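What follows is a single structure, written as structure tokens, with notes after it.
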There are 2 protein chains.
Amino acid sequence: MPREKYTKDQLVDAAFEIACESGFEQLTIRNIAKHLGSSIAPIYVNFNDLEELKEAVIRKAVEINKKILSEQDSGDPFLDVGIASVLFAKRYPRIYDEVVIKNDKSYQGQAENEKLIINQMKKDQQLASFSDDDLRLLLLKMQALQAGLSLLARKEAYKDMLDDSKIIKILDETGVDVLDGMIRRQTAADMAEK
Amino acid sequence: MPREKYTKDQLVDAAFEIACESGFEQLTIRNIAKHLGSSIAPIYVNFNDLEELKEAVIRKAVEINKKILSEQDSGDPFLDVGIASVLFAKRYPRIYDEVVIKNDKSYQGQAENEKLIINQMKKDQQLASFSDDDLRLLLLKMQALQAGLSLLARKEAYKDMLDDSKIIKILDETGVDVLDGMIRRQTAADMAEK
DNA sequence: CTTGATATATATCATATGATATATATCAAG
DNA sequence: CTTGATATATATCATATGATATATATCAAG
């Protein structure tokens with residue numbers, strides 16, 4: 001082998017840093033090379049094209065998200081997912097933009113994914129009395145809350161207002177509130193029926 | 001004057017359509033000219049540069065948002081704003097991406113804007129007992145809900161699940177739930193104090 | 001030491017893009 | 001009808017970008 005080698009990891013790390021600081025649209029071969037202190041050659045030795053490198057950056061982001069999730073321990077697995085997502089958005093706002101917002105691929109297999117979650121929800125005693133439609137509505141509300149909080153946490157203006165513990169508190173509280181509301185409305189509807 | 005003239009409006013409309021269908025990144029002088037059936041000349045006669053035209057497109061989007069808002073009549077002005085925002089995101093997803101998500105300018109004067117809203121909230125009897133911090137928290141939760149629902153409504157996968165009436169229903173219900181939750185927690189805290 | 005392989009650097013190409021210079025067509029003013 | 005103004009079309013420029021061809025440097029195998 002020749003002298004030294006820029007590894008795939010080095011390239012992905014450099015690209016990830018650029019994307020973090022300046023956004024995905026700044027991922028040009030020349031920017032990456034400059035950031036690495038090399039020419040553009042290492043890019044094409046390690047990847048077939050720039051697109052492949054970008055995909056590797058996204059895979060790295062997914063890994064980081066998984067790591068953040070694994071560090072959560074609120075007791076409720078659903079809440080954990082929500083917390084991890086918002087924390088990721090806050091810590092890597094520009095990556096979040098690319099992965100979550102632009103990525104419409106995520107809705108491939110979204111229908112099956114929903115079914116899986118609904119089935120998981122059915123195992124929860126508290127949710128036993130809900131119909132499938134109600135569960136889907138509850139899930140939608142929760143997803144909206146999480147997505148919205150991510151969107152806000154991602155913005156500079158909210159950074160100081162939304163420290164990690166506050167994010168967890170808000171997600172927890174509103175989650176409980178929405179669930180309570182659905183239970184209350186259901187019992188009210190039951191009453192009215194009789 | 002020479003024969004015919006491509007008006008500013010014609011140019012903005014053409015650009016708006018391109019942005020709607022293909023996204024803001026497709027707003028190139030040649031794309032706009034092609035869509036208009038002209039050369040690139042009319043662009044530079046009517047605007048100093050492409051950036052000016054893009055700003056005009058964003059102004060048009062803001063106008064449309066205002067129009068949608070003016071058509072709302074839920075009884076609650078806050079809810080109206082939320083509904084209008086989500087409906088806009090659903091109808092013009094790619095414009096929403098540009099205006100709401102990318103636009104970090106919106107957080108200029110965000111602090112003053114928040115104060116205005118908080119003062120408005122204080123006029124509401126139901127919210128009279130809340131401290132400023134509580135009101136800010138309530139506002140944040142509502143904003144998160146609205147932003148998140150917009151984000152979901154914008155996606156193809158949710159289009160059929162989120163018709164207009166359902167959007168209104170969800171915003172209304174969750175708004176009530178979150179407020180109820182905050183009231184409940186406050187009274188619980190008051191109890192504990194005594 | 002020689003040779004082949006390959007990582008790297010550099011020059012270069014093709015293409016896309018915003019912008020401008022120039023020519024042409026059209027119309028109003030006189 | 002002539003003239004000036006200007007909307008439009010076209011050619012062209014400068015720059016950015018992804019990609020490739022080529023030369024060079026380095027190292028392992030023999």
Among residues of the range A:1-17, those that are at pLDDT 95 or above and either small (Gly, Ala, Ser) or within 11 Å of DNA strand D (Cβ to nearest atom) (or both), counted: 2
Exactly one condition in (1) assigned to a helix (DSSP H, G or I); (2) touching a helix residue (DSSP H, G or I) at 6+ places or on another chain (Cβ under 9 Å) is not met by residue A:190; state its number. (2)
Identify all residues within the range B:21-42 that are more than 27 Å from residue A:26 (Cα to Cα) and either more than 9 Å from DNA strand D (Cβ to nearest atom) or assigned by TED's automatic domain parsing to the domain that holds residue B:99 (or both); write none if there are none. B:34, B:35
Pick from the range B:157-177 the residues that are at the interface with another protein chain (Cβ under 7 Å from one of its Cβ atoms) and under 22 Å from residue A:154 (Cβ atoms): which of them is modelled with the lowest pLDDT? B:157
Evaluate the range B:145-155: report whether one residue or more is closer than 20 Å to residue A:175 by Cα and more than 10 Å from every other protein chain (Cβ to nearest Cβ). no
Is it true that some residue in the range A:84-91 is free of Cβ contacts under 8 Å to residues at least 40 places away in the same chain, assigned to a helix (DSSP H, G or I) and farther than 21 Å from residue B:172 by Cβ? yes
Test for residue B:57: is it within 14 Å of chain A (Cβ to nearest Cβ) and out of contact with any Cys (no Cβ under 6 Å at 6 or more places or on another chain): no
Quick one: what pairs do we get from the range B:64-77, first residue assigned to a helix (DSSP H, G or I), second of a type outside the set (Ser, Thr, Tyr), C-beta under 6 Å, 6+ apart or different chains? B:65/B:88; B:68/B:84; B:68/B:87; B:68/B:88; B:69/B:84
For the range B:122-156, give me each residue that is surrounded by fewer than 17 Cβ atoms within 10 Å (Cβ to Cβ) and either without any contact (Cβ under 8 Å) to a residue 12 or more places away in the chain or of a type in the set (Phe, Trp, Tyr) (or both). B:123, B:124, B:125, B:128, B:131, B:133, B:156
Subset of the range A:161-181 [over 24 Å from residue A:99 (Cβ atoms) and surrounded by fewer than 21 Cβ atoms within 10 Å (Cβ to Cβ)]: A:165, A:169, A:172, A:173, A:176, A:179, A:180
Any residue at all in the range B:95-113 that's of a type in the set (Val, Ile, Thr), within 20 Å of residue B:61 (Cβ to Cβ) and facing another protein chain (nearest Cβ under 10 Å)? yes
Only one of these is away from DNA strand C (no atom under 16 Å from the Cβ), more than 17 Å from residue A:98 (Cα to Cα) and surrounded by 12 or more Cβ atoms within 10 Å (Cβ to Cβ): A:27, A:69, A:11. Name it. A:69
If the requirement is being in the same structural domain as residue A:123 (by TED's automatic domain parsing) and away from DNA strand C (no atom under 11 Å from the Cβ), which of these qualifies: A:58, A:95, A:18? A:95
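The values are calculated or read from the model by the stated rules, or taken from the named source; none is laboratory data. On a predicted model such as this, the values are computed, not experimentally measured, just so you know. All Cβ positions, glycine included, derive from the backbone under ideal geometry; neighbour counts span all protein chains shown.
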